[in-house]
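Since the structure comes first, as structure tokens, the remarks are kept for the end.
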Amino acid sequence: MANFTSFFRDRRDRHRSIAIERLSESARTGLAEHFLALPAADRYLRFATAATPQIIARYVDGIDFNRDAVFAVRPASIDDESRGALAGVVHAAFPDDVAELGISVLPAYRGRGLASALAKRAIAYARSRGVRALAMQVLRENAPMLRIVRKLGMTIVDGGAELFARLDLLGRNRRLGSALRDKLAWALLRSPSRLVH
């Protein structure tokens, strides 16, 4: 699996670019540390349940790095040399032709645009794979994620306590050949202006 790093501009310091990298199987421990570093309320918002360490361990162990994509921002990328957990993570699961996204950012790193940039990176990757649509399950009380979902242009469907967000990825590009679609997606990834907020 090729590791491609993309960059976006930090909202707090427009002169600084922050790297988003694709994680591999060797990152399981770092992923678990990231999820465990989230406050309990944030873990609930991310997993839609009271995520115990055992639930998180099962979740991380169940990620198929050959099928799915996990992108992250490391603290060092934000000039934080601490050896702590990953600053932000997006898991794009590809069970079929609709990718499912889950995003989390540690409290100390919020307000920089990490969640939006991670989502955009996952969207570009899903497009490059020819995925038809992208979906997210968002709890009604998760106001920050709802803002991001709306900003990304996702359609929101009310499911009671949970909201379901969907973004059609192929749209007009459905007629494009897969090779051309891949080239366009990679061009978007390489363009720093596409990941700037």
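A few points about this structure:
- Test: residue in segment 162-173 that is farther than 18 Å from Ser104 by Cα and either in contact with a Pro (Cβ under 7 Å, 6 or more places away or on another chain) or modelled with pLDDT under 50 (or both): yes
- Single residue of Ala40, Ala32, Ala27, Ala57 found to be of a type in the set (A, V, I, L, M), surrounded by fewer than 11 Cβ atoms within 10 Å (Cβ to Cβ) and more than 20 Å from Ile148 (Cβ to Cβ): Ala40
Yes/no matrix, rows are residues, columns are (1) within 20 Å of Leu38 (Cβ to Cβ); (2) surrounded by fewer than 21 Cβ atoms within 10 Å (Cβ to Cβ):
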site: Arg67; (1), (2): no, yes
site: Ala108; (1), (2): yes, yes
site: Gly113; (1), (2): yes, no
site: Leu134; (1), (2): no, no
site: Lys151; (1), (2): no, yes
site: Met154; (1), (2): no, no
site: Gly160; (1), (2): no, yes
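- Restricted to segment 114-156, and to residues there that are assigned to a strand (DSSP E or B) and touching a Gly at 6+ places or on another chain (Cβ under 9 Å), the residue that is farthest from Ile18 (Cα to Cα) is Gln137.
The values are calculated or read from the model by the stated rules, or taken from the named source; none is laboratory data. What you see is a predicted model, and the numbers here were worked out from it, not measured in a lab. Counting neighbours? That spans all protein chains shown, and the Cβs are built from the backbone with ideal geometry, glycine included.
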